[in-house]
Amino acid sequence: MSTPARPTLAVWKFASCDGCQLSLLDAEADLLALGDRVDIAHFAEATSHVAPGPYDLSLVEGSVATARDAARILAIRAQSKRLVTIGACATAGGIQALRNFANTAELLAAVYPDPRTLDVLAEVTPIRAHVPVDFELPGCPVDRGQLLEVIAAMLAGRPPAIATHSVCVECKQRGTTCVLVARGVACLGPVTHAGCGAICPAYDRGCYGCFGPMETADPAALAKAWARLGIADRERRRALHAYCPAIEPFRSAGAERDP
């Protein structure tokens with residue numbers, strides 16, 4: 001009797017820093033165990049081996065910034081039974097999407113001697129702006145444990161067990177004093193998706209929102225609280241547009257003036 005074929009996993013990079021792929025590589029022993037359960041068909045960060053599709057699961061890091069990116073993600077989606085975006089770039093545009101709020105032509109002219117050779121798009125966009133996505137895992141970078149859970153869930157055909165509450169809950173769980181209430185520090189914890197373990201508030205720094213908006217996030221209400229505490233309007237705009245500028249409600253709330 002022949003052995004059933006193992007599911008195939010492909011990992012793809014778009015406009016990004018590779019940090020989310022490195023989170024998977026940092027899984028070490030867990031990654032070795034995963035390798036016993038799946039065939040890694042494409043993962044340029046880890047191996048030069050490339051197998052043709054179709055793929056049971058594709059993980060996509062990075063945002064769409066060029067015409068080539070836009071065409072390539074269509075081809076990847078067509079070959080993937082399930083497609084999961086990983087990280088702030090893939091789910092919310094990433095820091096490269098900050099150029100959406102500036103004149104792209106002027107930026108290119110300031111950096112490149114001949115920008116006519118470039119095929120950059122007018123705006124940087126998350127993957128779901130181009131193709132259907134089966135699950136989005138935020139973070140900059142993604143949490144290693146959450147990433148392994150999503151992979152296991154997708155391969156098993158079940159919903160991933162990923163918390164949907166805010167970073168504030170994680171602060172309470174680790175006994176961290178609220179930096180917003182106690183010290184008046186600009187913190188996006190009340191509107192940001194959990195997953196990081198509230199690292200920044202644990203070191204007396206406000207949450208930067210790199211895990212993107214939690215479910216039912218209301219950054220406009222948070223902005224009013226910030227204003228009452230005397231936190232400048234520019235701080236709100238800088239914070240909301242830092243890591244996830246291409247996703248609502250961070251995009252629009254960061255563009256508003258003082259409430």
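Of note:
- Of all residues in the stretch 18-34 being free of Cβ contacts under 8 Å to residues at least 40 places away in the same chain and in contact with a helix residue (DSSP H, G or I) (Cβ under 7 Å, 6 or more places away or on another chain), the one that is nearest to Asp69 (Cα to Cα): Leu25
- If you go through the stretch 122-139 and keep only what is at pLDDT 95 or above and of a type in the set (A, V, I, L, M, F, W, C), you end up with Val124, Ile127, Ala129, Val131, Val133, Phe135, Leu137.
- Every listed requirement among (1) touching a residue at least 60 places away in the same chain (Cβ under 8 Å); (2) out of contact with any Cys (no Cβ under 9 Å at 6 or more places or on another chain) is met by Ala15 save one, (2).
Yes/no per residue for (1) more than 21 Å from Ala239 (Cβ to Cβ); (2) in contact with a Ser or Thr (Cβ under 8 Å, 6 or more places away or on another chain); (3) in the same structural domain as Ala217 (by TED's automatic domain parsing); (4) among the β-branched types (Val, Ile, Thr):
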site: Gln173; (1), (2), (3), (4): yes, no, yes, no
site: Leu180; (1), (2), (3), (4): no, no, yes, no
site: Cys187; (1), (2), (3), (4): no, no, yes, no
site: Val191; (1), (2), (3), (4): no, yes, yes, yes
site: Ile199; (1), (2), (3), (4): no, no, yes, yes
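- With respect to the conditions (1) assigned by TED's automatic domain parsing to the domain that holds Gly62; (2) under 16 Å from the mean Cα position of the chain (by Cα); (3) on the phi < 0 side of the Ramachandran plot, Gly139 falls short on a single one, namely (3).
- If you go through the stretch 35-52 and keep only what is closer than 21 Å to Ser16 by Cβ, touching a residue at least 24 places away in the same chain (Cβ under 8 Å) and not in a strand (DSSP E or B), you end up with Ala44, Glu45, Ala46.
- Scope the stretch 57-85; condition touching an Asp or Glu at 6+ places or on another chain (Cβ under 8 Å) and either β-branched (Val, Ile, Thr) or free of Cβ contacts under 8 Å to residues at least 24 places away in the same chain (or both); matching residues: Thr66, Val84, Thr85
- From the options Val169, Val179, residue that is under 22 Å from the mean Cα position of the chain (by Cα) and touching a residue at least 12 places away in the same chain (Cβ under 8 Å): Val169
- Residue tally, condition among the β-branched types (Val, Ile, Thr) and touching a Gly at 6+ places or on another chain (Cβ under 9 Å), over the stretch 86-112: 2
- In the set (1) closer than 27 Å to Val150 by Cβ; (2) of a type in the set (A, V, I, L, M); (3) not in a helix (DSSP H, G or I), Ala78 fails one condition alone, (3).
- Residue check, Arg238 farther than 30 Å from Arg99 by Cβ and not assigned by TED's automatic domain parsing to the domain that holds Asp143: no
- Of residues in the stretch 1-24 being of a type in the set (A, V, I, L, M, F, W, C) and over 22 Å from Arg72 (Cβ atoms), the one modelled with the highest pLDDT: Ala5
- Total residues in the stretch 44-65, condition at pLDDT 95 or above and surrounded by fewer than 21 Cβ atoms within 10 Å (Cβ to Cβ): 2
- Filter result for Arg99 (of a type outside the set (Asp, Glu), part of a helix (DSSP H, G or I) and surrounded by 14 or more Cβ atoms within 10 Å (Cβ to Cβ)): yes
The values are calculated or read from the model by the stated rules, or taken from the named source; none is laboratory data. Everything quoted here is computed from the prediction, not taken from an experiment. Cβ atoms come from the backbone with ideal geometry, glycine included; neighbour counts cover every protein chain shown.
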